[in-house]
């Protein structure tokens, strides 16, 4: 029996299936504007309002004990309500770890971004390590081949219908990403789950 060594196929722009390092893939999608009729800005204010509402709806000793701690944290958040003040990764990690500790569970892959855009405000250390590891590359097919990540217009439209018109649109708009290890060809699959709990919808004209 003869041992045959094979080399993985070199991807080209015309291949129906490509594997690219994530940094190169992100450069590609960053150059592509996603069609979205809705604009958005990044702010901690909706999060503060959501937490206030939740605290008011909670009764009992736990609420009383939590009130002073929450008010202290609220002041910290308000002081950082302008994202431009969080101009270093250390400042961002400090404030995010305070209010979203679950993102810092070991190995947790997550991010915080301006709604319905590719502008990431924060990515967890585990996600950064995986995305920028030289051994992993992303499988680029379908919408990814068109430099699209999800459907921001669809997600924003669903939120508008729900919050302003009390209408629910059932659709499966989540996206699955496949990564391949260049050395072992082992694949890992990830489903992107977008949490919209802290997004405030504002009507620009009377409905």
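Just so you know, all these numbers are worked out from the coordinates, no wet-lab data involved. Since we're looking at a predicted model, the values are computed, not measured. Every residue, glycine as well, gets a Cβ built from its backbone with ideal geometry; the counts of neighbours run over all protein chains shown.
Take the Cα of residue 169, step 7 Å toward its Cβ, do the same at residue 20, and the gap between the two points is 2.7 nm. With the highest mean first, a sort of the peptides 132-141, 90-99 on other beta-carbon atoms found within 10 angstrom per residue produces 132-141, 90-99.
Between residue 112 and residue 183, the C-beta separation translates, for a Förster distance of 25 Å, into a calculated FRET efficiency of about 0.20.
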